[in-house]
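Have a look at the structure below before the remarks.
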Amino acid sequence: MAIRITKRHPHLMGEVEGVDLSKPVDAETVAEIEAGMDEHAVLLFRDQPLSDEQQVAFSRNFGELQIATASNVTALSDRRLGLDLADVSNLDRQGRIFARDDRRRLFGLGNRLWHSDASFRAVPAKYSLLSARSVPAQGGNTEFADMRAAYDALPAETKAEIEDLVAEHSIMYSRALLGFTEYSDEERESFAPVRQSLVRRHPVTGRTSLYLSSHAGTILGWPMPEARGFLFDLMEHATRPEFVHVHEWRVNDFIIWDNRQVMHRVRRFAETEVERDMRRTTIRGDGPTAEQAAA
Ligand code: OGA
Ligand code: MN
């Protein structure tokens, strides 16, 4: 099956037509989608009503799924979705909108900060695949920043300076930026920091990307305030408007992004009033980007 991909931004985001993701997709089409991902880093598929099972089946074409626990503060018994789906909605197990002060909601607000999925895990994510089951009429856009273009635009001295730097990432660092700091001992343990290279190269295209995320809280061997100051500078550079694509969701949009090449964030909406049901499958990366500390 030949798909069509139309560029939607000078750097990132292609729109794909000519495939129904609810049906099994042949190997040739999977290869075309992978090639599209390598080039555009983010792909949009419109009008793809999917069940959870169909989303999982399609996602498995791209690798092993990451189990969707240990990246939130929702108890297993409170989960609305199966273990293969990350629930990035504002809904509880019964499908009710979270109260304003619900701890799960407050933790989830960390998705408003620029990040790369699972950069707080030793083996971070390859692709994220997000299905829009219901969307607010206003707000709740998702923005994507191209980390290849951001890297390319750095001055040569900065490229040389960051080449071998390793950052420490924890989901507690991003939450701390919003003032969320209370954890159980068990949560603290599961959110212990991991190491990620600040620069990475794409395994297929060889293109270089900055590897940033709000989960990055320091740089190995640097004093923390100096590291954070520098990480904030790099973040500001990497999210300049020219590197960013803004996506306004429609129901049944399906987006795949490559966490090795882009960051993303969700924007504000009337979260305690209207439902936004978004379900994500996540493909595990090939391996760590940096050597981890001895346990
Ligand atoms: C995610 C995420 C963005 C959104 O699914 O990884 O950050 O638009 N969500 O909900
Ligand atoms: Mn995310």
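The values are calculated or read from the model by the stated rules, or taken from the named source; none is laboratory data. Because the structure is a prediction, the values reported are computed rather than measured. Cβ atoms come from the backbone with ideal geometry, glycine included; neighbour counts cover every protein chain shown. Just so you know, the surface numbers come from the protein's heavy atoms only, side chains and all, with ligands and any DNA or RNA stripped out. Shrake-Rupley method; radii C 1.70, N 1.55, O 1.52, S 1.80 Å.
Leu129 versus (1) within 15 Å of ligand 1 (Cβ to nearest atom); (2) part of a loop (DSSP other than H, G, I, E, B): which is the lone unmet condition?
The one condition Leu129 does not meet is (2).
Answer yes if at least one residue in segment 146-168 is under 30 Å from Ser22 (Cβ atoms) and either within 16 Å of ligand 2 (Cβ to nearest atom) or in a strand (DSSP E or B) (or both), and no otherwise.
Yes.
Does Leu106 meet the test of being more than 11 Å from ligand 1 (Cβ to nearest atom), within 16 Å of Arg267 (Cα to Cα) and surrounded by 15 or more Cβ atoms within 10 Å (Cβ to Cβ)?
Answer is yes for this residue.
Within segment 234-257, identify whether any single residue is under 14 Å from the mean Cα position of the chain (by Cα), within 16 Å of Val199 (Cβ to Cβ) and within 15 Å of ligand 2 (Cβ to nearest atom), and answer yes or no.
no
What pairs come up if the first residue lies in segment 234-258 and is at positive phi, the second is open to solvent by 30 Å² or more (accessible area, probe 1.4 Å), and their beta carbons are under 7 Å apart, counting only those six or more places apart or on different chains?
Pairs found: Asn252/Asp47; Asn252/Pro49.
Yes or no: segment 115-127 includes at least one residue that is within 18 Å of the chain's Cα centre (by Cα), over 22 Å from Val88 (Cα atoms) and at pLDDT 95 or above.
Among the residues of segment 115-127, not one is within 18 Å of the chain's Cα centre (by Cα), over 22 Å from Val88 (Cα atoms) and at pLDDT 95 or above, which makes the answer no.
Just checking, does segment 88-98 include any residue being assigned to a loop (DSSP other than H, G, I, E, B), touching an Asp or Glu at 6+ places or on another chain (Cβ under 8 Å), within 20 Å of Gly179 (Cα to Cα) and open to solvent by 20 Å² or more (accessible area, probe 1.4 Å)?
Looking for residues that are assigned to a loop (DSSP other than H, G, I, E, B), touching an Asp or Glu at 6+ places or on another chain (Cβ under 8 Å), within 20 Å of Gly179 (Cα to Cα) and open to solvent by 20 Å² or more (accessible area, probe 1.4 Å), one finds at least one in segment 88-98, hence yes.
So, in segment 258-295, of the ones that are open to solvent by less than 10 Å² (accessible area, probe 1.4 Å) and hydrophobic (A, V, I, L, M, F, W, C), which residue ends up farthest from ligand 2 (Cβ to nearest atom)?
Ile283
Return a yes/no flag: does segment 227-244 have any residue that is in contact with a strand residue (DSSP E or B) (Cβ under 9 Å, 6 or more places away or on another chain) and in a strand (DSSP E or B).
Yes, that holds for at least one residue.
Just checking, which of Glu187, Glu143, Glu182 is within 16 Å of ligand 1 (Cβ to nearest atom), out of contact with any Asp or Glu (no Cβ under 8 Å at 6 or more places or on another chain), under 23 Å from Leu106 (Cα atoms) and among the acidic types (Asp, Glu)?
Glu143
Quick one: His115 ticks every box in (1) closer than 15 Å to Thr289 by Cα; (2) within 11 Å of ligand 2 (Cβ to nearest atom); (3) of a type outside the set (Lys, Arg) except a single one, so which number is it?
Every listed condition holds for His115 apart from (1).
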